[in-house]
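What follows is a single structure, written as structure tokens, with notes after it.
Read-outs: derived from the displayed coordinates by stated rules, not from any lab. Here the structure is a predicted model, which is why all the values come from computation and not from measurement. Note that we place each Cβ from the backbone using ideal geometry, even for glycine, and neighbour counts take in every protein chain shown.
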Amino acid sequence: MKKFSIAIHGGAGTILPALMTPQKELVYRAALTEAIQQGSAILEKGGSSLAAVEAAVISLENFPLFNAGKGAVFTNKGCHEMDASIMCGLNLNAGAVSGISNVKNPIALARLVMEKSGHVYLSGKEAEYFARNQGLQMEEDAYFFTDERYKQWQGVKDSDTYQLDHTDKTEQGEKKFGTVGAVALDQHGNLAAATSTGGMTNKKFGRVGDTPIIGAGTYANNRTCAVSCTGHGEYFIRAVVAYDVSCLMEYKGLSLSEACQVVVQDKLVKMGGEGGLIAVDSFGNLSLTFNSEGMYRAFQFAGKPIVTEIYK
Ligand code: ASP
């Protein structure tokens with residue numbers, strides 16, 4: 001079997017064993033395993049990394065405990081506004097959407113933007129119109145409703161605080177990061193990355209984080225690596241995280257793990273930016289790096305077992 005590798009994340013944050021029940025942990029691990037299987041099935045057959053990351057992210061979007069697709073968090077107005085992006089390392093093609101509602105799988109829309117729109121980035125109602133036009137599956141608001149997210153929103157909806165997913169209370173309110181993402185190297189040597197999120201609970205004013213921003217939350221280039229991020233998006237935008245990892249490899253000759261270490265454990269930490277990323281290089285090496293307590297994550301190398309991890 002030729003070489004391939006794939007990694008996924010379901011968000012970083014204060015994910016501590018003490019805050020988890022064994023049953024819930026099993027459910028998370030099963031969802032991570034299923035998403036890897038969806039991606040690996042494509043890679044095993046010689047399919048593209050682009051198709052593999054899209055399939056893995058769709059699986060995570062369909063799982064209600066992650067903050068993407070079904071299970072996306074509530075905005076201040078009580079709706080769901082989702083962001084997603086995808087990038088192909090072979091030709092640097094990219095597609096992104098932000099502030100979209102009612103699209104079952106935002107990552108599928110990001111891919112259609114890349115392949116069918118002649119643009120890179122569409123937003124809001126017009127992006128939804130494009131989705132309908134392309135025949136993408138749409139869902140009523142009720143599909144995106146989950147009890148857990150509703151309760152989270154009830155806790156902050158009358159305040160000015162916003163919250164990220166999977167994290168405990170902080171002085172700013174709860175900060176949790178539950179975005180999902182995938183990166184892969186296929187048997188043809190091509191890299192791809194995909195990321196999808198509901199953003200932050202109680203977000204206002206059309207707030208958009210790093211997830212749909214190429215170079216911040218997502219980046220892929222066959223010369224270096226493919227990266228998908230999760231964390232406090234404002235910091236990831238300012239630090240241009242995904243592209244910075246690639247640049248450190250391209251211009252300074254750092255290895256994938258060295259580059260991820262510099263960006264996540266040094267640069268972001270100094271700025272106060274909590275979160276992490278998954279990355280794969282053109283040799284198939286993986287790095288799953290985070291500066292928070294935990295990150296839902298899983299990976300697989302060709303012919304090897306699937307590994308799922310949650311804590312540090
Ligand atoms: N990075 C995402 C955002 O800021 C949140 C997350 O990773 O959960 O919108």
(Q) Given the options Val53, Val27, Val97, name the one that is in contact (Cβ under 8 Å) with a residue 12 or more places away in the chain, surrounded by fewer than 17 Cβ atoms within 10 Å (Cβ to Cβ) and of a type in the set (Val, Ile, Thr). (A) Val27
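Here is a yes/no grid of residues against (1) of a type in the set (D, E, K, R); (2) over 23 Å from Asn67 (Cβ atoms); (3) touching a Lys or Arg at 6+ places or on another chain (Cβ under 9 Å):
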{"residue": "Tyr243", "(1), (2), (3)": "no, yes, no"}
{"residue": "Met249", "(1), (2), (3)": "no, yes, yes"}
{"residue": "Gly253", "(1), (2), (3)": "no, yes, no"}
{"residue": "Cys260", "(1), (2), (3)": "no, no, no"}
{"residue": "Gln265", "(1), (2), (3)": "no, yes, no"}
Q.
Within the range 3-17, take every residue that is outside any strand (DSSP E or B) and more than 16 Å from the ligand (Cβ to nearest atom) and give me the one that is surrounded by the fewest Cβ atoms within 10 Å (Cβ to Cβ).
A. Pro17
